[in-house]
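Worksheet: one structure, shown below.
What follows is calculated from the coordinates using simple rules that are stated; it is not laboratory data. What you see is a predicted model, and the numbers here were worked out from it, not measured in a lab. Reconstructed Cβ throughout: ideal geometry from the backbone, glycine too, with neighbour counts over all protein chains shown.
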Amino acid sequence: MADVDVIQVLGGARLAGEVHVVGAKNSALKLMAVALLAPGRSVVGNIPRITDIAIMGEVLRRLGCTVEYSGDEVSIDVPEETGTEADYDLVRRLRASICVLGPLLARRGFVRVAHPGGDAIGSRGLDMHIDGLARMGAEITGEHGFVIASAPRGLRGATIWLDFPSVGATENLLMAAVLARGETVIDNVAREPEIVDICDMLIGMGAHIEGAGTSTLRVQGVTELRPVRHATIGDRIVGGTWAFGAAMTQGDVTVTGVDPAHLEIALDKVITAGGLVETRANAFRVHMDRRPNAVDVVTLPFPGFPTDLLPLAIGLAAVSEGSSLVTENIFDGRFMFVNEMVRLGADIRTDGHHAVVQGRERLSSAPVRATDIRAGAGLAMAALCADGITEISHVHHIDRGYPDFVPNLRALGVKIERVAAPEEPTFTFQ
């Protein structure tokens with residue numbers, strides 16, 4: 001999908017119907033990197049067909065892998081000796097590609113990875129990745145925008161404490177530890193369902209891991225792993241997007257393909273706002289028959305409220321009755337999209353990592369710009385609560401996290417089109 005497209009949304013729609021959620025972006029990307037740990041052909045199923053998956057596939061190809069897509073599966077054939085460098089031109093477009101650092105270092109004893117890019121939602125340093133790998137015996141330097149790590153005598157088990165339960169650091173250290181000598185204990189790790197999904201794939205490959213889903217991981221290193229077939233868990237963030245969209249538009253939406261237990265806090269906020277939530281195995285329904293109540297939200301690492309759903313929480317607050325306080329504790333730049341929401345008529349005041357939102361019964365259409373993946377989805381849901389047609393630009397961000405976003409909204413009753421953006425005028429001195 002071209003990044004010069006725009007999405008045009010006609011406001012006043014009520015989301016109604018059923019939508020299926022495919023595999024989690026934040027899991028599938030890392031599972032593709034997990035495949036690097038075992039020579040041979042691994043298959044990752046239930047992948048979302050999104051831009052980021054294609055970029056990660058190209059990262060692996062440049063490392064010497066054969067990558068093929070078929071339906072919702074990606075097959076990754078890993079050579080005995082992979083490449084050791086992840087190029088800047090790809091890594092800058094996809095922060096998740098930093099997760100090749102751990103597996104390549106464990107298998108090859110040397111890796112050179114460009115500093116990552118990704119969404120502009122605040123600083124996300126690599127200090128915990130580097131400190132943890134150094135404890136496992138790696139020598140790490142940096143030059144010309146690259147992280148260079150070597151462990152010519154292999155990695156060894158260590159006890160590591162993370163200052164913050166970083167998802168990225170947990171993933172890299174976990175993937176390095178499975179081939180390290182001896183036992184590695186990683187404390188204060190991330191507990192997200194996507195981490196458990198990675199552990200499940202690694203265990204299927206022959207890794208010895210205890211504590212998945214808890215704050216402590218114990219990994220007994222093995223000498224080799226085998227390729228495996230593994231299905232990605234459903235995307236809880238996409239599922240949460242539809243849940244909040246239903247609540248914002250006083251709709252009735254059934255979401256399938258995602259475990260509602262992975263959205264317990266988010267769905268509880270919908271209930272507090274006045275919605276009816278029904279859950280069953282791998283599915284849930286959200287029904288809202290009146291204007292939502294104001295609800296305060298605080299983002300925290302899992303099992304807390306996900307930072308990726310903050311734009312949706314602010315969107316809900318913008319059309320609720322009363323005043324909401326939304327607090328962001330994960331990324332210092334997550335509020336960058338707020339100015340775009342204000343363009344839609346939302347009453348939002350930010351102060352540091354807090355936002356006070358005074359709800360309004362109706363928003364107003366305006367041209368807005370998606371600043372990141374989740375901001376784009378949040379703006380689209382807010383546009384449903386506005387009068388007239390809202391045009392959202394920079395929709396390549398949405399493509400990175402939401403497969404079939406426009407068709408899914410159309411199936412839920414929205415009048416929406418994706419069109420080529422008009423050419424920008426040029427100005428010259430006469």
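Details
- Other residues lying with their Cβ under 9 Å from the Cβ of T254 contribute a combined charge of -2, Lys and Arg counting +1, Asp and Glu -1.
- Dipole moment magnitude, nearest 20 debye, the range 25-231 about Cα centre, only Lys, Arg, Asp, Glu C-beta charged: 200 debye
- Point-charge dipole on Cβ atoms (K/R +1, D/E -1) for the chain, about Cα centre, debye to 20: 280 debye
- Of the residues A114, I265, T350, the one whose Cα sits farthest towards the positive end of the charge dipole of the chain is I265 (charges of +1 on Lys and Arg Cβ, -1 on Asp and Glu Cβ, taken about the Cα centre).
- Measuring nothing but how far apart in sequence close Cα pairs (under 8 Å, 6+ apart) lie, relative to its length, the range 161-242 scores a relative contact order of 32 percent.
- Taking each DSSP H run with n ≥ 4 as -39500 (n - 2.57) and averaging over every residue of the chain yields -8000 deg cm²/dmol at 222 nm.
- DSSP-defined antiparallel bridges as percent of all bridges, the chain, nearest 5: 70 percent
- For the range 1-78, the normalised intensity computed at q = 0.17, 0.22 Å⁻¹ comes to -0.71, -0.98 (log10 of I(q)/I(0), Debye sum over alpha carbons, equal scatterers, no solvent).
- Assuming charge only on the beta carbon of Lys and Arg (+1) and of Asp and Glu (-1), the dipole of the range 369-430 about its Cα centre is about 200 debye to the nearest 20.
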